[in-house]
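One structure is given here, and the rest of the page talks about it.
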Amino acid sequence: MNAAEREIYHYLKSRRPKSVPARDINRHVGSKRKFRYNPEWAKVTLLGMVERGILEADAEDSYRLKPIPPRDSQGKRWASPAIAEMLKASGKTFDNLITPEDEDEYYDNL
């Protein structure tokens, strides 16, 4: 992901699971100067992210992160970072945990 895509990704990640209008993304991501110069600066980036499968768009020009498809074959389960640390500290192996870092890695690979 390039810098603009990464900024949009982190903004939408904090607003999950709601859809965010493109106007709000243009206004809140980036700088004031960028928005004043071109109020539709993020449109091309948003459309590219939709094509790559990172975002979902609806008819009202709102965007949200596309959910990660479930992995039934690997049997992984999500755990908060604190719980994951406690399980790893117990000395047993827990290879079936999904942490927020794994989630970021998934979207980076798209």
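The values are calculated or read from the model by the stated rules, or taken from the named source; none is laboratory data. This structure is a prediction, so every number in the text was calculated from the model and none was measured. Heads up, the Cβs are rebuilt from the backbone with ideal geometry, glycines too, and the neighbour counts pull from every protein chain shown.
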Could you list, in sequence order, all residues of region 32-84 that are under 17 Å from the mean Cα position of the chain (by Cα), modelled with pLDDT of 80 or more and surrounded by fewer than 10 Cβ atoms within 10 Å (Cβ to Cβ)?
-> E51, P67
Mind checking which pairs have a first residue in region 85-106 that is exposed (fewer than 12 other Cβ atoms within 10 Å of the Cβ) and a second that is at pLDDT 75 or above and not in a strand (DSSP E or B), Cβ under 9 Å, 6 or more apart or different chains?
-> E101/P81
Identity of the residue in region 85-110, aromatic (F, W, Y) and closer than 19 Å to Y9 by Cβ, that ends up modelled with the highest pLDDT | Y107
What number of residues in region 11-51 are touching a helix residue (DSSP H, G or I) at 6+ places or on another chain (Cβ under 9 Å) and under 18 Å from D108 (Cα atoms)?
-> 7
If you go through region 21-38 one residue at a time, do you hit one that is in contact with a strand residue (DSSP E or B) (Cβ under 9 Å, 6 or more places away or on another chain) and of a type in the set (K, R)?
-> no
